[in-house]
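Enquirer: Following this message is one structure expressed as C-alpha cells.
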Amino acid sequence: MKLGRVLLTVAGLNLVGADAVPAQQWPTKPVRVIVTFSPGGSSDITARTIVPALQARLGQPFIVDNRPGAGATIGGGEVARAAADGHTLLLSNTAAISLSPFMLDPMPYDPMKSFTHVSYIGSVPDVVMVHPSLPARTMTDLIAWIKAQPNPVPYGSGGIGSIGHILGEIFKTEHGLRMEHVGYKGSVPMINDMLGGRLKFSFDTLPQNVAHIKAGTLIPIAVTSRARSAVAPEVPSVVELGMPKLVAENFLGVSGPAGLPEPVVARLHAAVQGALDDPAVVKRLSELGIAVRKMSSAEFTSFVRNQVTSWVPAVKASGAKLN
C-alpha cells in the first residue's frame, strides 16, 4: 500500500513537471495574435508594431490574424475558446472586452472569466471627424447642422459595437439629435467613404486618421480624451467643450484564454514590457496618438474589470444591439 502511494506520488510529480516544462519553454511554435478588427485600424496597427519586438524576444514567429465581425466578438470568442497554452493571444481592446459582449444575448463570453489579461499597452481616444464640405468646424456647428437637416443624419464608425458607435448614441441622446449609425467592417472602408464625401461625419479612433488630419483631407473637431492629444494639439478635447459624457479612450493590451499558465503569463508580460522599452516602438505608437503606459498583469486585470463596470451602463442606455 505504501509503495503504491509512493508510486502515485512520483507519477503525480512527473505529470506536474511535464506540464510545467512546456510552460517554462513557451513559446514552442508560432503564436497567433488575433486582432478583432480589419487591417488598418488602431488594434491592427498596434499589433503589427509590437509583434516584431515580441518575436525578437521570444524566438518564435508571432502572426497577426485579423478576425473582425460581430462587434469584435468573433475574434474575442476564438481566443476565449482556444487552448490555454499561450499560442493563441488576443490584442484586447475596449470593444471586444467592455462593449460588444453586452450587446449580445446570450453573451458569447465573460470579459473576466473567459480570459487571462496579461499586459496593458496603451490607450487612444476617438476623434470626431467631418468631411471638408460639411459646414461645421466645431461641435456646436455640428449639432446645429444636424438639427437643420430634414432627415436623420448618418454617422459612421469602425463597426457595430465599437466605441465610436456607443459615443454616437450618447451624443445623439444628449443633444436630442436625429442620427443613424452606419457600422462599417473596419475603419478603412469608412474612411474611404468619408474621403469620397459619401459619409459626412464619424466617430473613429485617432491613429488611422492622423495622416488625413495632417493632410487636411478630413477635419477633426474634437478628441474624446480629457486633454488634447499630442499628435493633434489644435483639436479641443470634449472636456474643454463641456461634453464630459463623451470622454472615452480605447484601451489596447494583450490577453489570452482563461487559465494561461503563470510561467507563460510572466514570460509574455516581460516581453511586452520589453517591447514598450524599445524607443522605436514607443515612437511609432506615440506618433499615432497611442498613450503608452506600463502595468503589472494584476493591475491590468483590475483595469479591465473597472472598464467593464464603467461601460456597461452606457452600453445598456444606448440600446445598441448586435443581434
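The values are calculated or read from the model by the stated rules, or taken from the named source; none is laboratory data. Because the structure is predicted, anything quoted here is derived from the model rather than measured. Cβ placement follows ideal geometry from the backbone for every residue including glycine, while neighbour counts extend to all protein chains displayed. Ligands, DNA and RNA are stripped out before the accessible areas are found, and what is left, the full protein with its side chains, is counted by its heavy atoms. Shrake-Rupley method; radii C 1.70, N 1.55, O 1.52, S 1.80 Å.
Enquirer: Kindly provide the set of residues from segment 183-193 that are in contact with a helix residue (DSSP H, G or I) (Cβ under 8 Å, 6 or more places away or on another chain) and either farther than 17 Å from residue 165 by Cα or modelled with pLDDT of 95 or more (or both), ordered by number.
Expert: Within segment 183-193, 191 is the sole residue that qualifies.
Enquirer: Follow-up question, since we're still on this one. Does segment 209-216 contain at least one residue that is surrounded by fewer than 22 Cβ atoms within 10 Å (Cβ to Cβ) and in contact with a Ser or Thr (Cβ under 7 Å, 6 or more places away or on another chain)?
Expert: No: zero hits.
Enquirer: Within segment 162-177, which residues are among the acidic types (Asp, Glu) and surrounded by 17 or more Cβ atoms within 10 Å (Cβ to Cβ)?
Expert: Within segment 162-177, just 169 meets the criteria.
Enquirer: Run down 271, 275, 258 and say which single residue is surrounded by fewer than 21 Cβ atoms within 10 Å (Cβ to Cβ) and among the hydrophobic types (A, V, I, L, M, F, W, C).
Expert: Within the list 271, 275, 258, the selection yields 258.
Enquirer: Is it fair to say residue 92 is in contact with a strand residue (DSSP E or B) (Cβ under 6 Å, 6 or more places away or on another chain), under 27 Å from residue 29 (Cα atoms) and open to solvent by less than 10 Å² (accessible area, probe 1.4 Å)?
Expert: So residue 92 passes the test.
Enquirer: Restricting attention to segment 23-35, and to residues there that are in contact with an Asp or Glu (Cβ under 9 Å, 6 or more places away or on another chain) and either assigned to a helix (DSSP H, G or I) or among the polar types (S, T, N, Q) (or both), which single residue is least open to solvent (accessible area, probe 1.4 Å)?
Expert: Checking each candidate, the answer is 23.
Enquirer: Return yes or no: is residue 221 in contact (Cβ under 8 Å) with a residue 12 or more places away in the chain, touching a Lys or Arg at 6+ places or on another chain (Cβ under 7 Å) and not aromatic (Phe, Trp, Tyr)?
Expert: Yes.
Enquirer: Please work out if residue 241 is open to solvent by 40 Å² or more (accessible area, probe 1.4 Å) and under 26 Å from residue 110 (Cα atoms).
Expert: No: the conditions fail for residue 241.
Enquirer: If residue 219 satisfies every condition in (1) in contact with a His (Cβ under 8 Å, 6 or more places away or on another chain); (2) surrounded by fewer than 16 Cβ atoms within 10 Å (Cβ to Cβ); (3) among the hydrophobic types (A, V, I, L, M, F, W, C) but one, which is the exception?
Expert: (2)
Enquirer: Ok, one more. Among the candidates 84, 80, which residue alone is among the hydrophobic types (A, V, I, L, M, F, W, C), touching a strand residue (DSSP E or B) at 6+ places or on another chain (Cβ under 9 Å) and either assigned to a loop (DSSP other than H, G, I, E, B) or closer than 28 Å to residue 199 by Cβ (or both)?
Expert: 84
Enquirer: Among the residues of segment 137-161 satisfying the criterion of being of a type in the set (Ser, Thr, Tyr) and open to solvent by 10 Å² or more (accessible area, probe 1.4 Å), which is farthest from the chain's Cα centre (by Cα)?
Expert: 140
Enquirer: While we're here: Residues that are in contact with an Asp or Glu (Cβ under 9 Å, 6 or more places away or on another chain) and not acidic (Asp, Glu), at least 3 per element: which helices (runs of 4 or more DSSP H) completely within segment 208-323 meet that?
Expert: 297-318
Enquirer: Residue check: is residue 313 open to solvent by 50 Å² or more (accessible area, probe 1.4 Å), under 23 Å from residue 207 (Cβ atoms) and without any contact (Cβ under 8 Å) to a residue 40 or more places away in the chain?
Expert: The answer is no for residue 313.
Enquirer: So which of 287, 234 is out of contact with any Lys or Arg (no Cβ under 7 Å at 6 or more places or on another chain), open to solvent by 30 Å² or more (accessible area, probe 1.4 Å) and touching a residue at least 40 places away in the same chain (Cβ under 8 Å)?
Expert: Exactly one residue qualifies, and that residue is 287.
Enquirer: May I pose another question? Quick test of your reading of the structure: residue 124 fulfils all but one of (1) under 30 Å from residue 274 (Cβ atoms); (2) modelled with pLDDT under 95; (3) open to solvent by 50 Å² or more (accessible area, probe 1.4 Å); (4) of a type outside the set (Phe, Trp, Tyr). Name the failing condition by number.
Expert: (3)
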